[in-house]
Amino acid sequence: MSDAAYDIVIGLEVHVQLKTNTKLFCRCSTEFGNPPNTQTCPVCLGMPGSLPVMNSKAYFLGMKTALALNCRIPNYTKWDRKNYFYPDLPKGYQTSQFDLPMSEEGYLDIKSTKDEFEPRRVRIIRAHLEEDAGKSMHDEAAGRADSRIDLNRTGTPLLEIVSYPDMRSAVEAKAYMQELRLLLTYLDVSDCNMQEGSLRCDANVNLHIPTDDGMIATPIVEIKNMNSFRSVERGITYEAKRQYDVWKETGKVLGELPKQTRGWDDSAQVTRSQREKEESADYRYFPCPDLVPVVVTDEQIEEVRKEIVELPAMLRERLESDFGLTTYTADVIVNQGRGLVDYFLKLAAVSEDNKLAGNWVQGEVLRTLNELEITVDEFNMSPEQLAGLLKLIQSGDLDSSKAKSVFAVMLESGKSAADVVDEMGIEKVDQGELEDLCRQLIERNQRVVDDVKSGNEKAVGALIGQAKKENPNVNPGQVRQICLDIINDM
Amino acid sequence: MSLTRQDVEKVALLARLKFDEEQLDKMTDHMVQIVQYVHKLSELNTDDVEPMAHALDVHNALAEDVPRPSLSREEALKNAPKSDGEYFRVPAVLGE
Amino acid sequence: MSIIQKSATEQLALLQSGEITSAELTQAYLERINAVDTSVGAFLRVESETALAQAVKIDRKRKAGESLGKLAGLPVAIKDILCTINTPTTCGSRMLENFAPPYNATVVENLLAADAVILGRTNMDEFAMGSSTENSAYHPTYNPWDTSRIPGGSSGGAAACVSADMAPLSVGTDTGGSIRQPAALCGCVGLKPTYGRVSRYGLIAFASSLDQIGPLAKTVEDAALLMEVLAGYDPLDSTSVNIPVPAYSESVGKPLENLTLGVVEHHFGEGIDPEIESAVKQAIAIYESLGASIKNIELPHADYGIATYYIIAPCEASSNLARYDGAHYGYRADQAEVLAELAEDGSDEGPLVRMYRKTRSQGFGAEVQRRIMLGTYALSEGYYDAFYLKAQKVRRLIRKDYDQAFEQVDMIIGPVTANPAFAKGEKASDPMAMYLEDLYTVTANLAGVAGISLPCGFTENGLPIGLQLQAAPFQEEKLLRAAQMFQNATDFHTRRPEIS
Ligand SMILES: [Mg+2]
Ligand SMILES: [Zn+2]
């Protein structure tokens, strides 16, 4: 993006549905996918006279997440009402947190293994708890037909995580979302299913454009409805271009236009103005008189901190430093989630070569999981079984392409590597036998010897082909090494 | 403190109320009167006073995360001005 | 003396001894309602059938020797602001004309568990906003002592029905004086408990940080009896307090020794009716004769009570009443009318917004709309600090005044209202004049303390005068005992109006 005519400035507001059994202020189930309006009660219907009671689990999960995001947890927090009229909001206000949120001032580090951007610390302004709204469904013939309202989701606990405008490209925004999702998955605080809406993202975007009169900023636009990582990236990219075009046409800068809300239309791949969300955005926040403040001690905060598991960033580092994996391999394994990491750790514990173990987990194991569309928990080859195969590779008994065939048969049959090798008729070639074979081939191929001697080591490949013809069980790597050793000694 | 008819009209939209001309005049009158009266609070210096949102010093009223039965859909929709037996129905959310 | 003229405590004894049945008692009240409520208008709905069925059931239980609740067989009238399952609960509003909640308020559960007989729903100012019960969307209530006058409000029906012997006990709510003021104007006893003492779950909210449910009755013992059933911790109300409920009805007869009462001189400043002033001063003298010591105290910020209240209450109300928008329950404006109006004035508001606006303008009465407007304005951008935040700070000062006062005295004694019941329509067009009715009562709600109103005299015209005692949080037991001392020494509570 460095050659672009502008910098994109991006801050994200992420809403995470917390994994509780019940809603934030009533004891209706939060289960997803049930028939409309079957998970409501007087409280979440906003019935006259009903009163909210805070879910302790939601508070705990919120606190755990905030701590994992390096946030500070104040000892005192309270609830506020955000007042606006919308039919998926039956009380006419959303119970949220305004001036004293449950956590503030944290950060999340992001980096790219593909060098798409410089490593960056995205600062977090706050993470606060609030209740979700219901769902409204609008018919195509908008304006004519009714909208339909389902209140099953109303009152589901959300953690809203608000970042500073620290991101500078759509790719960074996507990486932030992915890293955040991974962290939430490790913490097991949310299902993080973007399709089901348990992880949602709004982006505040504007441009900094260098001009002859200095740097100008375009008016900030909030983009909503980005329901996948891809749409986060595309939505922001589209919006940046649009803002640049509008600025070139109108010259309007920040402060000259009110903040605009635009929705991402994934099918048309454009952002569209959402006028109805802007009109009278005066939320009249005030403390909710029906809910009492929450007070936590430093000891209670430390108790929760203890429950935080090893997080992705720390794990990546450990896989690199303690296991010698490459940055890329560590990244791939950790990004798959805790399950694959545990598989790797078990495998590394029972095999001798950590790096080989890492390559196989990141390679064949992951490829198989993806192909079969299964999770690592459903993967039927135990780390011990796989370690057996790796042992044969290390000892030179199997080359990597044969090992892959053995792996495939092991997967299907569930047999050990040794049994599969036997059944496949792959015989172990004696070291002396192999050296004899190599000597014979070198004698027959003086040209290869000359080529190698003159610096072209690749020429030895011709010998490997001939060796395989003589004995299909030979290990090409071994043949290569022995031949080179003999020639160099000549 | 000045409170104009235009202010009142703006507040009416925010409050989702609608007045005809005569009502608007009367409402403006009454609101001006009341706002003038409550303005007497500004006589007091409250710089060092902590605001009081609750009558009581209670905190941490929390419930266990254990589900309780919800209402049946029939009960939930029973009081709805308009429903189709599955959903609440409201006039189109998106205008025009 | 007919059975309905007796106190609830006396009736309960007769029920227990088997001299009367609940069915007979209930029937007697239903007949009385039939005879006089056309001129009083205390009830919005009389639930004769369910009341009689409940009475018969309790009689049967008693006959079978089953254990019975504390109010077994006693009729109770309920202000139409408490949710009762599958039964209309209107809050005195058109907005909820056809609303039948799918659940019971906690106090309704408490009453049913105590084997009370729910007699019907009493009239009130719409959403409890008012001091005269003229703001009911259905009909006004008249003062039984003079039916050309108002009974006070917003629990006007609750006070009038007790005063006119149409119910021995009734349940009201008090946000700025709505139990104590009508109790005073109708000559009965009304208790506003400490905030948090009675569960608000199922009480249709007006101003959540001020609302409390409390008893109205003919005598202090009766109020104590009902209070014992209403009070208690409720896990469904985050603001209810987990403190055991004393046996008010057992302790109420024990006089207090070394009682110190605080008198606020300011209460007797200009504006108070001389007849009220003299009745209250006489009441203070009676307490002195009973051994109480009197001390002059000050509540320096009491004068700011009304201004504070008329910011905080409308702000909370504007938010609490946002839910009445025609989407999920209650009244909705006619769709064809909405669309026609939109087409006519060419507004680009959209059908949903216009539906909201028409629904709310048609469904709410003028006073409710006025308070929603005030609250919306006071909370809106740029005004929050000057209004809401300022009011919250003054609220703290008012509370501190009380805390300091209660370090010096056990209770504060004074008037409930500045004037006796006023004529119907007298203050209807002047909201400020109506708001000032709550002058002596609002501060207790702002501070969250307990207050009781009891009869202490009559004007020359025969209108009742109320005496207010206020006590520190959770001192209801003492409050009731002190009130009972006064009642034992006087006979104001025994007089009943003659209804023309
Ligand atoms: Mg939010
Ligand atoms: Zn619910």
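The values are calculated or read from the model by the stated rules, or taken from the named source; none is laboratory data. None of the values given here were measured: they were computed from a predicted structure. Heads up, the Cβs are rebuilt from the backbone with ideal geometry, glycines too, and the neighbour counts pull from every protein chain shown. Ligands, DNA and RNA are stripped out before the accessible areas are found, and what is left, the full protein with its side chains, is counted by its heavy atoms. Shrake-Rupley method; radii C 1.70, N 1.55, O 1.52, S 1.80 Å.
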Region A:138-190, residues that are within 20 Å of A:Ala66 (Cβ to Cβ) and part of a helix (DSSP H, G or I): A:Tyr176, A:Met177, A:Gln178, A:Glu179, A:Leu180, A:Arg181, A:Leu182, A:Leu183, A:Leu184, A:Thr185, A:Tyr186, A:Leu187
Region B:79-91: number of residues that are facing chain C (nearest Cβ under 7 Å) and either farther than 19 Å from C:Arg360 by Cα or buried (at least 20 other Cβ atoms within 10 Å of the Cβ) (or both): 4
A:Gly92, sole failed condition from (1) surrounded by fewer than 22 Cβ atoms within 10 Å (Cβ to Cβ); (2) on the phi > 0 side of the Ramachandran plot: (1)
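If you check A:Lys346 against the conditions, is it open to solvent by 40 Å² or more (accessible area, probe 1.4 Å), assigned to a helix (DSSP H, G or I) and modelled with pLDDT of 95 or more? Outline the logic, then answer.
Working: open to solvent by 40 Å² or more (accessible area, probe 1.4 Å): yes; assigned to a helix (DSSP H, G or I): yes; modelled with pLDDT of 95 or more: yes.
Against the criterion (open to solvent by 40 Å² or more (accessible area, probe 1.4 Å), assigned to a helix (DSSP H, G or I) and modelled with pLDDT of 95 or more), A:Lys346 qualifies.
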Hey, A:Lys415 touching a residue at least 40 places away in the same chain (Cβ under 8 Å), closer than 30 Å to A:Phe344 by Cα and open to solvent by 20 Å² or more (accessible area, probe 1.4 Å) or not: no
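Within 14 Å of A:Leu158 (Cβ to Cβ) and either modelled with pLDDT of 95 or more or surrounded by 24 or more Cβ atoms within 10 Å (Cβ to Cβ) (or both): is that true of A:Thr30 in this structure? I'd like the intermediate steps shown before the answer.
Details: within 14 Å of A:Leu158 (Cβ to Cβ): yes; either modelled with pLDDT of 95 or more or surrounded by 24 or more Cβ atoms within 10 Å (Cβ to Cβ) (or both): yes.
So A:Thr30 passes the test.
Within region A:190-208, identify whether any single residue is of a type in the set (D, E, K, R), within 25 Å of the chain's Cα centre (by Cα), within 16 Å of ligand 2 (Cβ to nearest atom) and more than 14 Å from chain B (Cβ to nearest Cβ), and answer yes or no. Let's see the steps before the verdict.
Kept after step one, since they are of a type in the set (D, E, K, R), are these residues of region A:190-208: A:191, A:196, A:200, A:202.
Subsequent filtering for residues that are within 25 Å of the chain's Cα centre (by Cα) retains A:191, A:196, A:200, A:202.
Narrowing the set further to residues that are within 16 Å of ligand 2 (Cβ to nearest atom) leaves none.
No, because not a single residue in region A:190-208 is of a type in the set (D, E, K, R), within 25 Å of the chain's Cα centre (by Cα), within 16 Å of ligand 2 (Cβ to nearest atom) and more than 14 Å from chain B (Cβ to nearest Cβ).
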Total residues in region C:45-75, condition surrounded by fewer than 24 Cβ atoms within 10 Å (Cβ to Cβ) and in a strand (DSSP E or B): 2
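Restricting to region C:189-241, give me the number of residues that are assigned to a strand (DSSP E or B) and in contact (Cβ under 8 Å) with a residue 60 or more places away in the chain. Walk me through how you get there before you give the answer.
Going through region C:189-241, the residues assigned to a strand (DSSP E or B) turn out to be C:189-192, C:198, C:203, C:212-217, C:231.
Then keep just the ones that are in contact (Cβ under 8 Å) with a residue 60 or more places away in the chain; that gives C:189-192, C:198, C:203, C:212-213, C:216-217, C:231.
Residues that pass the stated criteria total 11.
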Pick from region C:371-392, criterion surrounded by fewer than 20 Cβ atoms within 10 Å (Cβ to Cβ) and part of a helix (DSSP H, G or I), ranking: nearest to the other protein chains (Cβ to nearest Cβ): C:Leu389
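I need the full set of residues from region A:54-92 which are without any contact (Cβ under 8 Å) to a residue 60 or more places away in the chain and either at the interface with chain C (Cβ under 9 Å from one of its Cβ atoms) or within 16 Å of ligand 1 (Cβ to nearest atom) (or both), in order please. Talk me through it step by step, then tell me what you get.
If we filter region A:54-92 for residues that are without any contact (Cβ under 8 Å) to a residue 60 or more places away in the chain, which is where we start, we get A:56-57, A:70-72, A:74, A:85-86, A:91-92.
A:Phe85, A:Tyr86, A:Lys91, A:Gly92 - these are the residues of region A:54-92 that are without any contact (Cβ under 8 Å) to a residue 60 or more places away in the chain and either at the interface with chain C (Cβ under 9 Å from one of its Cβ atoms) or within 16 Å of ligand 1 (Cβ to nearest atom) (or both).
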Residue within region A:164-176 that is surrounded by 19 or more Cβ atoms within 10 Å (Cβ to Cβ), away from ligand 2 (no atom under 16 Å from the Cβ), at pLDDT 95 or above and within 14 Å of chain B (Cβ to nearest Cβ) present: no
Selected residue [within 16 Å of ligand 2 (Cβ to nearest atom) and under 19 Å from A:Phe60 (Cα atoms)] from A:Leu151, A:Leu180, A:Leu158: A:Leu158
Odd one out for A:Glu105 among (1) charged (D, E, K, R); (2) more than 16 Å from ligand 1 (Cβ to nearest atom); (3) closer than 22 Å to A:Ser190 by Cβ; (4) touching a Leu at 6+ places or on another chain (Cβ under 9 Å): (4)
Per-region count, region A:14-32, residues more than 9 Å from ligand 2 (Cβ to nearest atom) and either in contact (Cβ under 8 Å) with a residue 24 or more places away in the chain or aliphatic (A, V, I, L, M) (or both): 11
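Listed here are the residues, each with its yes/no results for (1) in contact (Cβ under 8 Å) with a residue 60 or more places away in the chain; (2) open to solvent by 20 Å² or more (accessible area, probe 1.4 Å); (3) assigned to a helix (DSSP H, G or I); (4) within 26 Å of A:Gln478 (Cα to Cα).
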{"position": "A:Val361", "(1), (2), (3), (4)": "no, no, yes, yes"}
{"position": "A:Arg367", "(1), (2), (3), (4)": "no, yes, yes, no"}
{"position": "A:Leu390", "(1), (2), (3), (4)": "no, no, yes, yes"}
{"position": "A:Ala403", "(1), (2), (3), (4)": "no, no, yes, yes"}
{"position": "A:Met410", "(1), (2), (3), (4)": "no, no, yes, yes"}
{"position": "A:Asp422", "(1), (2), (3), (4)": "no, yes, yes, yes"}
{"position": "A:Leu434", "(1), (2), (3), (4)": "no, no, yes, yes"}
Test result for C:Lys295, in a helix (DSSP H, G or I) and either open to solvent by 30 Å² or more (accessible area, probe 1.4 Å) or touching a residue at least 40 places away in the same chain (Cβ under 8 Å) (or both): no
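With A:Pro48, A:Pro87 as the choices, which residue is away from ligand 2 (no atom under 16 Å from the Cβ), part of a loop (DSSP other than H, G, I, E, B), in the same structural domain as A:Pro101 (by TED's automatic domain parsing) and surrounded by 22 or more Cβ atoms within 10 Å (Cβ to Cβ)?
Details: A:Pro48 fails: away from ligand 2 (no atom under 16 Å from the Cβ).
Just a single option satisfies the conditions, and that option is A:Pro87.
Considering only residues of region C:397-429 that are charged (D, E, K, R) and either under 19 Å from C:Ser178 (Cβ atoms) or away from chain B (no Cβ under 14 Å) (or both), which is surrounded by the most Cβ atoms within 10 Å (Cβ to Cβ)?
Restricting to residues being charged (D, E, K, R) and either under 19 Å from C:Ser178 (Cβ atoms) or away from chain B (no Cβ under 14 Å) (or both), the top hit is C:Asp410.
Pick from A:Asn70, A:Asn75: which is within 27 Å of A:Asn193 (Cα to Cα), open to solvent by 40 Å² or more (accessible area, probe 1.4 Å) and more than 16 Å from ligand 2 (Cβ to nearest atom)? Step through it out loud before you land on a result.
Details: A:Asn75 fails: within 27 Å of A:Asn193 (Cα to Cα).
Answer to the check: A:Asn70.
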